[in-house]
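Engineer: The structure under discussion is supplied below as structure tokens; questions concerning it will follow.
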Amino acid sequence: MAEVKFSKVTKKFNENVILNGVDAEIRDHEFVVIVGPSGCGKTTLLRMLAGLEEITDGEIHIDNVLVNNMHPSKRQIAMVFQDYALYPHMTVEENMSFALRLRKAPKAEIEARVTEAANILQLTKLLKRMPKQLSGGQRQRVAIGRAIVRKPKVFLFDEPLSNLDAKLREEMRVEIAKLYQRLNATIIYVTHDQVEAMTLAGRIMVMNHGIIQQVGTPIEVYRKPVNLFVAGFIGSPTMNFISGRLKAEGDKLFLRNDAMSFLIPSFLLSKAAAHDGREVVVGVRPDDVLVGASTRDKCSEKMEGMLEVSELLGHRENLYIKVGDTRILATVEAFFNQSPGSRVTLCFNYENMHVFDKETTKRING
């Protein structure tokens, strides 16, 4: 078993609060990705779990065992760092076997574990090479192999792909996903890259300012963000936010500001009168901004805007449209074929609107 539990974990550097009462549980054999902007505390949380940082307050348990004061070597955890942390004077084989040799493990066991890890990671032909003779992706596989040979209860990954180019990151994401399926291990993976989070995680833990904002499956976090921060952080391109005041007219509810007015469907916010006058922020993902003159079943009231910039991305195109003083980003099929400065018609897919209270920033629709 390899369950991990954080109970009101706090970390302070002098008066600077890095982690503020973190409560979280990672289940056995689960792949959890901790995601958030730089400085949100995600790496500090990982290092505290590994025993590389002291805990200011709270408790950390691994398999129901309190590890606050346990030496890192006793926690049965292996960590893969962002900068690989390979010994430059050792071969690939020596780097992978170092921890086992330090524990004075039998030679036959060391050879068997290194061979197994090398086969998994396709490193067999590189075992005699030095780190300087390897590419970035190969070095990262060696760092992962060094973790595998230890057979830990929990694997910790601290932004392991951030030093790789886009193509290598894509390849390594696939390799890490395959590795998880093969090892069926408990993995806690820290990144600021939401693409890694969405593609790798069984559950995502979104952090900001040392606080866990939301925990859920990638689809849950994407479709029902609990607040404005999560809504803006998860999803690429980022969500459009439209501020305004709700206005009840009979049993209908509209969002209105100086640039636009559109209906808020009753299945999003029922009892229109109860929300009359409320200041809100409506979130609409770029995929749900419908552009063009055709009428669609899921379309809110149409509005006109001016196309400022278009970005061709191959099969898709990003359109930046100004409606009054509000800029709206729409993602459409490629080759929209309208020039910047032209007038366009747009509307929102009302089924996928997100409504947040402007003051509390919390989600208020179901």
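Please treat every number below as a calculation from the coordinates, not as lab data. Just so you know, these numbers come straight off a predicted model, no measurement behind them.
Engineer: Taking the inverse of the average 1/r across all pairs of different Cα atoms in region 37-79, what Kirkwood radius in Å do you get? Intermediate values should be presented prior to the final figure.
Structural biologist: Values: mean 1/r = 0.0916 Å⁻¹.
Its Kirkwood hydrodynamic radius stands at 10.9 Å.
Engineer: Let me ask something else. More than 26 Å apart: what percent of Cα pairs in the chain qualify?
Structural biologist: The answer is 60 percent, as a whole percent.
Engineer: How big is the equivalent ellipsoid of region 240-357 along its three axes, where each semi-axis is √(5λ) from the Cα gyration tensor, reported in whole Å from largest to smallest?
Structural biologist: Here the semi-axes work out to 27, 14, 12 Å.
Engineer: Tell me the volume per residue, in Å³, of the convex hull enclosing the alpha carbons of region 48-112. It would help to have the intermediate numbers written out before the result.
Structural biologist: Values: hull volume 8.0 nm³, N = 65.
With only Cα atoms used, region 48-112 gives 123 Å³ per residue.
Engineer: If contacts are Cα pairs under 8 angstrom and at least 6 residues apart, what is the relative contact order of region 240-357 in percent?
Structural biologist: Working: 262 pairs, mean separation 34.2, N = 118.
The value is 29 percent.
Engineer: Calculated from DSSP H runs of 4 or more alone, at -39500 (n - 2.57) each and per residue, what is the 222 nm mean residue ellipticity of the chain, nearest 500? Walk me through the intermediate numbers first.
Structural biologist: Numbers: 8 runs with 85 residues, N = 366.
Helix contribution divided over all residues of the chain: -7000 deg cm²/dmol.
Engineer: Another question, then. Please identify, among LEU102, LEU290, LEU269, the residue showing maximal mean-square fluctuation in a Gaussian network model of the chain using a 10 angstrom Cα cutoff.
Structural biologist: Fluctuation is largest for LEU102.
Engineer: Based on DSSP, what percent of beta bridges with both residues in region 118-214 are antiparallel, to the nearest 5? If you can, show how the numbers build up before the last one.
Structural biologist: Working: 3 of 8 bridges.
Close to 40 percent.
Engineer: Using Cα pairs closer than 8 Å and at least 6 residues apart in sequence, work out the relative contact order for the chain, in percent.
Structural biologist: Values: 738 pairs, mean separation 54.9, N = 366.
Result for the chain is 15 percent.
Engineer: Determine which lysines satisfy two conditions relative to LYS128: a Cα distance under 24 Å, and not lying fewer than 8 residues away in the same chain.
Structural biologist: Qualifying lysines at Cα under 24 Å: LYS104, LYS107, LYS151.
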